[in-house]
1. Under a 1.4 angstrom probe, counting protein chains only, how are Ser19, Ser174 ranked by accessible area, largest first?
2. Place a +1 charge on the Cβ of each Lys and Arg in the chain and a -1 charge on the Cβ of each Asp and Glu, then give the dipole magnitude about the Cα centre in debye, rounded to the nearest 20.
3. Give me the net charge of Lys85's neighbourhood, meaning all other residues with Cβ under 12 Å from the Cβ of Lys85; Lys, Arg count +1, Asp, Glu -1.
4. Compare Ile161, Ile229 by solvent-accessible area with a 1.4 Å probe and give them largest first, with all protein chains kept in place.
5. Show Ser95, Ser110, Ser80 ordered by accessible area, largest first, where the area counts protein heavy atoms only and the probe is 1.4 Å.
6. Tell me the net charge near Ser42. Cut-off is 11 Å between Cβ atoms, Ser42 excluded, with +1 for each Lys or Arg and -1 for each Asp or Glu.
7. Over the chain, with the other protein chains present, what is the accessible area per residue in square angstrom, probe 1.4 angstrom?
8. Once you order the gyration tensor axes a ≥ b ≥ c over the Cα atoms, which shape class does the chain get: rounded for a/c under 1.5, otherwise prolate or oblate by comparing a/b with b/c?
Amino acid sequence: AGRINSEFTTAADLPGEISTPYATRTTQKLPDGSRVWLNAGSKLTFGKNFGESIREVTLTGEAFFDVVKNAGKPFVIHTSTLDIKVLGTQFNVKSYPSDQTTETSLIKGSVEVVVKTRPNEKYVLKPNEKLVVLNDQELLKPSAAGNNSGAGRLINKDNLIAIKNLTYQQGDTSDIESAWIRNKLSVKNMPFAEMARIMERWYDVRFEFRNKKLEDLWITGSFDNETLIQSLEAPQFSFAFNYEINDKTVIVY
(Lines give C-alpha, C1' and ligand atoms only; values in the text may rest on other atoms or scores of the structure.)
Protein backbone atom coordinates (compact mmCIF):
# COMPACT_ATOMS: atom_id res chain seq x y z
CA ALA A 1 0.00 0.00 0.00
CA GLY A 2 1.18 3.54 -0.71
CA ARG A 3 2.08 6.04 1.98
CA ILE A 4 1.62 9.80 1.78
CA ASN A 5 3.53 12.15 4.09
CA SER A 6 2.57 15.75 4.70
CA GLU A 7 2.93 18.44 7.32
CA PHE A 8 0.59 21.17 8.54
CA THR A 9 2.64 23.87 10.27
CA THR A 10 -0.13 26.37 11.09
CA ALA A 11 -3.83 26.14 11.89
CA ALA A 12 -4.53 27.91 8.60
CA ASP A 13 -2.88 25.02 6.75
CA LEU A 14 -5.18 22.47 8.34
CA PRO A 15 -7.96 21.21 6.03
CA GLY A 16 -11.43 20.36 7.27
CA GLU A 17 -10.65 16.68 6.89
CA ILE A 18 -8.09 14.22 5.58
CA SER A 19 -8.96 10.83 4.15
CA THR A 20 -7.30 7.77 2.66
CA PRO A 21 -8.67 5.43 -0.02
CA TYR A 22 -8.09 1.69 0.18
CA ALA A 23 -4.48 0.56 -0.39
CA THR A 24 -3.19 3.93 0.85
CA ARG A 25 -1.99 5.21 4.23
CA THR A 26 -0.97 8.70 5.25
CA THR A 27 1.22 10.32 7.89
CA GLN A 28 0.38 13.86 8.93
CA LYS A 29 2.11 16.26 11.29
CA LEU A 30 -0.39 18.64 12.94
CA PRO A 31 0.19 22.30 13.85
CA ASP A 32 0.56 21.44 17.56
CA GLY A 33 3.44 19.07 16.77
CA SER A 34 1.33 15.92 17.20
CA ARG A 35 1.52 13.28 14.49
CA VAL A 36 -1.24 11.07 13.15
CA TRP A 37 -1.05 7.99 10.92
CA LEU A 38 -4.26 7.25 9.00
CA ASN A 39 -4.88 3.69 7.80
CA ALA A 40 -6.54 2.70 4.52
CA GLY A 41 -10.22 3.56 4.08
CA SER A 42 -10.23 6.11 6.92
CA LYS A 43 -11.25 9.72 7.48
CA LEU A 44 -10.22 12.26 10.12
CA THR A 45 -12.28 15.43 10.48
CA PHE A 46 -10.89 18.41 12.41
CA GLY A 47 -13.04 20.49 14.75
CA LYS A 48 -13.40 24.19 14.09
CA ASN A 49 -10.62 26.28 15.63
CA PHE A 50 -8.49 23.18 16.25
CA GLY A 51 -5.85 23.99 18.84
CA GLU A 52 -7.30 27.21 20.24
CA SER A 53 -8.80 25.79 23.45
CA ILE A 54 -9.20 22.13 22.55
CA ARG A 55 -7.72 19.79 19.94
CA GLU A 56 -10.79 17.97 18.67
CA VAL A 57 -11.10 15.44 15.82
CA THR A 58 -13.63 12.87 14.59
CA LEU A 59 -12.41 9.54 13.25
CA THR A 60 -13.98 7.01 10.92
CA GLY A 61 -11.66 4.07 10.32
CA GLU A 62 -8.27 3.59 11.98
CA ALA A 63 -5.57 6.00 13.13
CA PHE A 64 -2.48 5.97 15.31
CA PHE A 65 -1.86 9.15 17.31
CA ASP A 66 1.36 10.48 18.84
CA VAL A 67 -0.02 13.44 20.78
CA VAL A 68 2.17 16.26 22.11
CA LYS A 69 1.34 16.93 25.75
CA ASN A 70 -0.53 20.17 26.46
CA ALA A 71 -2.61 20.07 29.65
CA GLY A 72 -4.37 23.32 28.76
CA LYS A 73 -5.58 22.01 25.40
CA PRO A 74 -6.81 18.42 25.67
CA PHE A 75 -6.81 16.24 22.57
CA VAL A 76 -10.23 14.62 22.04
CA ILE A 77 -11.11 11.95 19.47
CA HIS A 78 -14.75 11.19 18.68
CA THR A 79 -15.86 7.95 17.01
CA SER A 80 -19.37 6.61 16.47
CA THR A 81 -18.98 4.53 19.64
CA LEU A 82 -16.36 6.24 21.82
CA ASP A 83 -15.05 9.59 23.01
CA ILE A 84 -11.34 9.49 23.89
CA LYS A 85 -9.58 12.23 25.85
CA VAL A 86 -5.78 12.46 26.13
CA LEU A 87 -3.15 14.92 27.33
CA GLY A 88 -0.08 13.40 25.67
CA THR A 89 0.39 9.81 24.61
CA GLN A 90 0.74 7.21 21.84
CA PHE A 91 -2.30 5.11 21.01
CA ASN A 92 -4.23 3.43 18.21
CA VAL A 93 -7.97 3.77 17.51
CA LYS A 94 -9.76 1.32 15.22
CA SER A 95 -13.35 2.25 14.39
CA TYR A 96 -14.40 0.97 10.96
CA PRO A 97 -18.21 0.92 10.47
CA SER A 98 -18.02 -2.58 8.95
CA ASP A 99 -16.17 -4.10 11.93
CA GLN A 100 -17.92 -5.73 14.87
CA THR A 101 -15.87 -3.89 17.48
CA THR A 102 -14.21 -0.55 18.16
CA GLU A 103 -10.78 -0.70 19.81
CA THR A 104 -8.59 1.81 21.63
CA SER A 105 -5.04 0.49 22.18
CA LEU A 106 -2.65 2.39 24.45
CA ILE A 107 1.08 2.17 23.73
CA LYS A 108 2.28 4.68 26.33
CA GLY A 109 0.86 7.53 28.41
CA SER A 110 -2.77 7.61 29.51
CA VAL A 111 -6.17 7.92 27.85
CA GLU A 112 -9.66 8.35 29.25
CA VAL A 113 -12.40 6.62 27.27
CA VAL A 114 -16.16 7.17 27.48
CA VAL A 115 -18.51 4.76 25.71
CA LYS A 116 -21.35 6.87 24.31
CA THR A 117 -24.08 4.42 25.37
CA ARG A 118 -22.79 4.59 28.98
CA PRO A 119 -21.75 8.24 29.42
CA ASN A 120 -21.49 8.12 33.22
CA GLU A 121 -18.67 5.56 33.15
CA LYS A 122 -15.05 6.43 32.35
CA TYR A 123 -12.32 3.93 31.51
CA VAL A 124 -8.69 4.95 32.06
CA LEU A 125 -6.28 2.71 30.18
CA LYS A 126 -2.77 1.82 31.24
CA PRO A 127 0.07 1.25 28.75
CA ASN A 128 -0.18 -2.10 26.95
CA GLU A 129 -3.97 -2.22 27.42
CA LYS A 130 -6.80 -1.95 24.92
CA LEU A 131 -10.50 -1.32 25.37
CA VAL A 132 -12.79 -3.30 23.05
CA VAL A 133 -16.45 -2.33 22.55
CA LEU A 134 -19.07 -4.28 20.63
CA ASN A 135 -20.49 -2.10 17.87
CA ASP A 136 -23.64 -4.00 16.92
CA GLN A 137 -26.28 -2.47 19.17
CA GLU A 138 -28.97 -4.56 17.44
CA LEU A 139 -27.82 -7.45 19.59
CA LEU A 140 -29.03 -5.57 22.64
CA LYS A 141 -32.67 -5.58 21.66
CA PRO A 142 -34.91 -8.28 23.16
CA SER A 143 -36.65 -10.52 20.64
CA ALA A 144 -40.13 -9.68 19.38
CA ALA A 145 -41.50 -12.70 21.26
CA GLY A 146 -40.54 -11.02 24.49
CA ASN A 147 -38.03 -13.60 25.63
CA ASN A 148 -34.26 -13.47 25.89
CA SER A 149 -33.40 -16.53 23.87
CA GLY A 150 -32.37 -16.95 20.25
CA ALA A 151 -31.84 -14.11 17.80
CA GLY A 152 -32.05 -10.68 19.37
CA ARG A 153 -31.54 -11.91 22.92
CA LEU A 154 -30.56 -9.33 25.52
CA ILE A 155 -26.83 -9.51 26.20
CA ASN A 156 -25.54 -8.60 29.66
CA LYS A 157 -24.08 -5.11 29.32
CA ASP A 158 -20.84 -6.23 30.98
CA ASN A 159 -20.14 -8.37 27.92
CA LEU A 160 -20.14 -5.34 25.64
CA ILE A 161 -16.92 -3.80 26.97
CA ALA A 162 -13.63 -5.55 27.67
CA ILE A 163 -10.17 -4.36 28.66
CA LYS A 164 -7.45 -6.64 27.34
CA ASN A 165 -3.69 -6.66 26.96
CA LEU A 166 -2.19 -5.77 23.59
CA THR A 167 -1.37 -8.69 21.29
CA TYR A 168 2.11 -9.85 20.29
CA GLN A 169 3.38 -12.46 17.87
CA GLN A 170 5.74 -15.01 19.39
CA GLY A 171 9.27 -13.60 19.41
CA ASP A 172 8.16 -10.09 18.40
CA THR A 173 8.45 -7.13 20.77
CA SER A 174 6.11 -4.89 18.73
CA ASP A 175 2.35 -5.02 19.30
CA ILE A 176 0.02 -6.21 16.54
CA GLU A 177 -2.45 -3.37 17.08
CA SER A 178 -0.09 -0.71 15.71
CA ALA A 179 1.92 -2.93 13.33
CA TRP A 180 0.24 -1.31 10.32
CA ILE A 181 2.11 1.99 10.83
CA ARG A 182 5.31 -0.04 10.26
CA ASN A 183 3.90 -1.35 6.94
CA LYS A 184 3.23 -4.74 8.53
CA LEU A 185 -0.06 -6.61 8.25
CA SER A 186 -0.21 -8.77 11.38
CA VAL A 187 -3.00 -10.99 12.76
CA LYS A 188 -3.17 -13.56 15.57
CA ASN A 189 -5.96 -16.09 16.12
CA MET A 190 -8.33 -14.24 13.79
CA PRO A 191 -11.15 -15.76 11.69
CA PHE A 192 -10.35 -15.81 7.97
CA ALA A 193 -13.42 -13.65 7.27
CA GLU A 194 -12.16 -10.94 9.62
CA MET A 195 -8.68 -11.08 8.14
CA ALA A 196 -10.28 -10.78 4.69
CA ARG A 197 -11.92 -7.47 5.71
CA ILE A 198 -8.50 -6.13 6.72
CA MET A 199 -6.96 -7.32 3.45
CA GLU A 200 -9.79 -5.69 1.48
CA ARG A 201 -8.75 -2.31 2.86
CA TRP A 202 -5.04 -3.04 2.67
CA TYR A 203 -5.01 -4.16 -0.98
CA ASP A 204 -8.20 -2.49 -2.31
CA VAL A 205 -9.88 -5.77 -3.23
CA ARG A 206 -13.11 -7.59 -2.38
CA PHE A 207 -13.29 -11.14 -0.98
CA GLU A 208 -15.99 -13.59 -1.96
CA PHE A 209 -16.17 -16.86 0.01
CA ARG A 210 -17.68 -19.61 -2.10
CA ASN A 211 -16.92 -22.07 0.72
CA LYS A 212 -18.52 -20.50 3.82
CA LYS A 213 -16.81 -22.95 6.18
CA LEU A 214 -13.50 -21.22 5.43
CA GLU A 215 -14.74 -17.94 6.93
CA ASP A 216 -14.54 -19.27 10.49
CA LEU A 217 -11.09 -20.88 10.33
CA TRP A 218 -8.48 -19.16 12.52
CA ILE A 219 -5.34 -17.56 11.11
CA THR A 220 -2.09 -16.27 12.61
CA GLY A 221 0.46 -14.53 10.43
CA SER A 222 2.61 -11.48 9.86
CA PHE A 223 3.24 -9.95 6.44
CA ASP A 224 5.88 -7.28 5.92
CA ASN A 225 5.33 -5.43 2.62
CA GLU A 226 4.03 -8.62 0.99
CA THR A 227 1.91 -8.63 -2.14
CA LEU A 228 -1.69 -9.87 -2.06
CA ILE A 229 -0.66 -13.27 -3.43
CA GLN A 230 2.16 -13.62 -0.88
CA SER A 231 -0.19 -12.78 2.00
CA LEU A 232 -2.63 -15.45 0.81
CA GLU A 233 0.08 -18.08 1.06
CA ALA A 234 0.17 -17.93 4.88
CA PRO A 235 -3.38 -19.19 5.49
CA GLN A 236 -2.76 -21.89 2.89
CA PHE A 237 -0.06 -23.25 5.21
CA SER A 238 -2.70 -23.56 7.95
CA PHE A 239 -5.47 -25.19 5.91
CA ALA A 240 -6.19 -26.13 2.34
CA PHE A 241 -8.19 -23.81 0.12
CA ASN A 242 -8.11 -22.52 -3.42
CA TYR A 243 -8.55 -19.00 -4.70
CA GLU A 244 -8.60 -17.03 -7.90
CA ILE A 245 -8.26 -13.29 -8.45
CA ASN A 246 -10.66 -11.81 -10.95
CA ASP A 247 -9.90 -8.12 -11.44
CA LYS A 248 -10.30 -6.79 -7.87
CA THR A 249 -12.25 -9.76 -6.50
CA VAL A 250 -10.59 -12.61 -4.58
CA ILE A 251 -12.77 -15.72 -4.85
CA VAL A 252 -12.04 -18.26 -2.11
CA TYR A 253 -13.31 -21.83 -2.45
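The values are calculated or read from the model by the stated rules, or taken from the named source; none is laboratory data. Quick caveat, the model's predicted, so the values are computed rather than measured. Reconstructed Cβ throughout: ideal geometry from the backbone, glycine too, with neighbour counts over all protein chains shown. For the accessible areas, the whole protein counts, side chains as well, though only heavy atoms, and no ligand, DNA or RNA atoms are used. Shrake-Rupley method; radii C 1.70, N 1.55, O 1.52, S 1.80 Å.
1. Details: Ser19 75, Ser174 40 Å².
These residues rank, largest area first, as Ser19, Ser174.
2. 500
3. Working: positive: Arg55, Lys73, Lys122; negative: Glu56, Asp83, Glu112.
With Lys, Arg at +1 and Asp, Glu at -1, the neighbours total 0.
4. On the way: Ile161 25, Ile229 90 Å².
Sorted by accessible area, descending: Ile229, Ile161.
5. Details: Ser95 5, Ser110 60, Ser80 100 Å².
Per-residue accessible area, sorted high to low, gives Ser80, Ser110, Ser95.
6. Details: positive: Arg25, Lys43, Lys94, Arg201; negative: Glu17, Glu62.
Taking every Cβ under 11 Å from that of Ser42, the sum is +2.
7. Working: 12960 Å² over 253 residues.
Accessible area per residue: 51 Å².
8. Details: a/c = 1.85, a/b = 1.23, b/c = 1.50.
Because a/c hits 1.5 or more and a/b fails to exceed b/c, the chain counts as oblate.
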